[in-house]
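So that we are looking at the same thing, I have put the structure below in structure tokens.
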Amino acid sequence: MAILIGIDEAGYGPHLGPMVVSAAACATSDPDVDLWEALRDVVSRRPAKDGRIPVADSKRLYHPELGLRPLEEAALPFLCCLGLPRPVGFESFCNFLTGPPGEKRTVAPWYQNAPLMVPTVVPIEDLTRTTHRLRMSLAHAGITIAAARSRMADPDAFNAGVRQTGNKSEFLFACFGEIVGDIRRAFPGDDLVFFVGKHGGKTFYQRNLQSLFLSRPLSVERETRRQSTYRIDDEGRAITIHFLMDGEDRHFLIALASCVSKYLRELGMSLFNRYWQQHVPGLRPTAGYGTDARRFLRAIRSHAAALRIGEETLVRGC
């Protein structure tokens, strides 16, 4: 039995809101399984009118005018297979993905006592039916949803991480490394195969991986623009890591991880926008990017100062 893990991020580029890195894992006897094909009776590569679960690059599923429904339809049935309660509050949802409450994240004002329940749009009875169908299909295919993990870095944590690691690319890899560590501890005796969306077009990962795995023997299998593959002897069990260009289109678990990351980011942005709209009447929401982020910051800055909310909490410095 092998554990297959997909990892992808959302929110690497914007000025406002969290960056989220997530992993989605399954257990299977076939490490080469095509999960889109194995689960074709319940999943689809694109939104489908026949009730199948859309599992695709989150950028293809999410549009502000459509709201959170496509991401909920994609991510939540798989999380429910892991025991996610429904409904569940925002704080508990974060804890389900990022770890127990003892592992404290900075709690920004917009997250405190957040009036948000998951699912936000999809009716619970629909989610329950879809989850049941997914469980049946997984059992028929001999596949188990094994884990989901996330790291959520709001601007203050993002800024601190960039200062510590030297740049945001290195900080992204540090978040990836934390999730890899979580998975290694969760499955100490199993072979692990990671599929990871390439980090900003990067090709060479040996130095980063060697620092992550320290003295473990590491071999380079391939380093090309489209794919970089490494194998690690982890005290007798094999770890294989594939970094894939356009990974969300090439591997089911990367696509699923992208949906989990994007959903968690957009929940955070929803609370961020709601908080500031309560303080600035008529304020238009922001997605957190470029000139629109600057427009939003100009509108809230004086209110932030009055509320003693510092720049470090609001905006990324890079």
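Of the numbered conditions (1) under 26 Å from Pro14 (Cβ atoms); (2) out of contact with any helix residue (DSSP H, G or I) (no Cβ under 8 Å at 6 or more places or on another chain), Arg222 fails exactly one; give the number of that condition.
For Arg222, the exception is condition (1).
Conditions tested, residue by residue: (1) under 24 Å from Thr98 (Cβ atoms); (2) modelled with pLDDT of 95 or more; (3) not aromatic (Phe, Trp, Tyr).
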position	(1), (2), (3)
Phe272	yes, yes, no
Tyr275	yes, yes, no
His279	no, yes, yes
Phe296	no, yes, no
Ala304	no, yes, yes
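Counting only residues that are of a type in the set (Gly, Ala, Ser), give me the helices (runs of 4 or more DSSP H) lying completely in the stretch 215-318 with at least 1 of them.
Details: elements: 247-250, 252-279, 290-306, 311-314.
Passing ranges, in order: 247-250, 252-279, 290-306.
Still on this structure: Among the residues in the stretch 109-122, are any part of a loop (DSSP other than H, G, I, E, B), modelled with pLDDT under 95 and not polar (S, T, N, Q)?
The initial filter retains those residues of the stretch 109-122 that are part of a loop (DSSP other than H, G, I, E, B), namely 112-116, 119-122.
Going one step further and asking which of them are modelled with pLDDT under 95, we end up with 112-115.
Still in the list and also not polar (S, T, N, Q): 114-115.
Taking every residue of the stretch 109-122 in turn, at least one turns out to be part of a loop (DSSP other than H, G, I, E, B), modelled with pLDDT under 95 and not polar (S, T, N, Q).
Another question about this same structure. It is to be established whether one or more residues within the stretch 55-69 are touching a helix residue (DSSP H, G or I) at 6+ places or on another chain (Cβ under 7 Å) and part of a helix (DSSP H, G or I).
The answer is yes; a qualifying residue exists.
Further question: Identify, please: which residue in the stretch 189-218 is within 21 Å of the chain's Cα centre (by Cα) and aliphatic (A, V, I, L, M) and is, among those, surrounded by the most Cβ atoms within 10 Å (Cβ to Cβ)?
Of the stretch 189-218, the ones within 21 Å of the chain's Cα centre (by Cα) are 192-202, 205, 208-209, 212.
Still in the running and aliphatic (A, V, I, L, M): 192-193, 196, 209, 212.
On the way: Leu192: 22, Val193: 21, Val196: 26, Leu209: 22, Leu212: 20.
Only one residue fits best here, namely Val196.
Need pairs with beta-carbon distance below 6 Å; first residue among the aromatic types (Phe, Trp, Tyr) and within the stretch 180-202, second modelled with pLDDT under 95 and not in a strand (DSSP E or B); sequence gap 6+ or separate chains.
Qualifying pairs under 6 Å: none.
Restricted to the stretch 97-108, and to residues that are of a type in the set (A, V, I, L, M) and under 22 Å from Leu307 (Cβ atoms), which residue is modelled with the highest pLDDT? It would help to see each step written out before you state the result.
Filtering the stretch 97-108 down to residues of a type in the set (A, V, I, L, M) leaves 97, 107-108.
Cutting the leftovers down to under 22 Å from Leu307 (Cβ atoms) gives us 107-108.
Values: Val107: 80, Ala108: 91.
That would be Ala108.
The values are calculated or read from the model by the stated rules, or taken from the named source; none is laboratory data. If you're wondering where the values come from, they're calculated on a predicted model, not measured in any experiment. Cβ coordinates were reconstructed from backbone atoms using ideal geometry, including for glycine residues, and neighbour counts include every protein chain displayed.
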